[in-house]
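Take a look at the structure below.
The values are calculated or read from the model by the stated rules, or taken from the named source; none is laboratory data. None of these values were measured; they are calculated from a predicted model. Cβ placement follows ideal geometry from the backbone for every residue including glycine, while neighbour counts extend to all protein chains displayed. What goes into the accessible areas is simple: the full protein's heavy atoms, side chains included, and nothing from ligands, DNA or RNA. Shrake-Rupley method; radii C 1.70, N 1.55, O 1.52, S 1.80 Å.
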Amino acid sequence: MSTKNPRRRKRSRPIRRKSANNPNLSLPYKLLWAVVGLFLTIGGTFMEPSTTTLPWNWASESGVQTYALGVTFQVGAVLLVGCLGGKQSGALSQIIYILLGLFLPRFRIFTHGGGLDYIIEPTFGYLLGFIPGAWICGSLAFRTKPTLEALAFSCFCGLFTIHLLGIIYLIGLHLFGFIDEGFIALLQDILQYSLRPLFGQSTIVCGVSVLAFALRRIMFY
């Protein structure tokens with residue numbers, strides 16, 4: 001009896017498909033979001049958000065009253081571009097923002113002006129934190145399905161990164177004597193630049209999460 005050798009079937013490699021939850025954005029698209037993020041960050045530097053009283057109190061004698069949150073939309077812009085454009089667009093927009101502020105001081109795009117002397121400002125570490133903050137936020141925002149909870153988590157991780165780098169930079173400035181030395185002075189700076197703005201920035205993060213979730217649903221990615 002003769003046996004026929006079965007033909008060897010060629011193993012086909014699995015086709016990698018783009019996930020709808022983690023799309024591969026094209027280079028022009030990333031550059032567009034980087035430019036948008038740059039202008040949003042510049043504009044957000046000089047815009048201060050406010051909140052109002054609860055709706056059921058609007059009919060009272062006091063009416064609708066607004067209260068400033070004591071922060072700007074700057075951090076919100078950093079996190080928003082990360083949620084919409086991804087980690088590369090978010091980080092690139094902040095790199096350009098910092099370079100423009102340092103080397104083109106006449107535009108005064110930082111909160112207190114600009115120029116190379118700004119590197120010894122207590123808040124410069126927080127500006128440097130925009131780069132990894134936007135990167136981490138964008139990386140987490142595109143890792144899973146863009147749910148409201150996932151986007152909020154990515155934004156809060158980015159916010160934590162910004163404050164972490166800002167505090168580390170503050171410690172370095174105190175250690176090397178660029179600003180007032182002493183442990184009490186360091187605690188006062190941390191209180192002023194991290195703890196006091198945290199409530200207002202957390203409120204902005206909630207708004208950014210909702211906005212990013214809506215825009216991601218509208219743009220189908």
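Per residue, what accessible area does the range 86-167 have, given a 1.4 Å probe and all protein chains present, in Å²?
Counting only protein heavy atoms, the per-residue value for the range 86-167 is 46 Å².
How much accessible surface does Val71 have with a 1.4 Å probe, in Å² rounded to 10?
10 Å²
Report, to the nearest whole %, how much of the accessible area of the range 23-157 belongs to carbon and sulfur atoms, 1.4 Å probe, protein only.
Carbon-and-sulfur percentage of accessible area, whole number: 69.
Hey, got the dipole for the range 66-156? About the Cα centre, +1 on K and R Cβ, -1 on D and E Cβ, debye to the nearest 20?
Result for the range 66-156 is approximately 220 debye, rounded to the nearest 20.
Quote the accessible area belonging to Ile184 in square angstrom, nearest 10, computed with a 1.4 Å probe and with ligands, DNA and RNA left uncounted.
Accessible area, nearest 10 Å²: 110 Å².
On full extension of the chain, what length is gained from Ile218 through Ile168, given 0.36 nm per residue of separation minus the C-alpha to C-alpha distance?
Full extension from Ile218 to Ile168 adds 14.1 nm.
If you find the alpha carbon centre of the range 174-221 and of the range 88-148, how far apart are they in angstrom?
Each part's Cα centre sits 12 Å from the other's.
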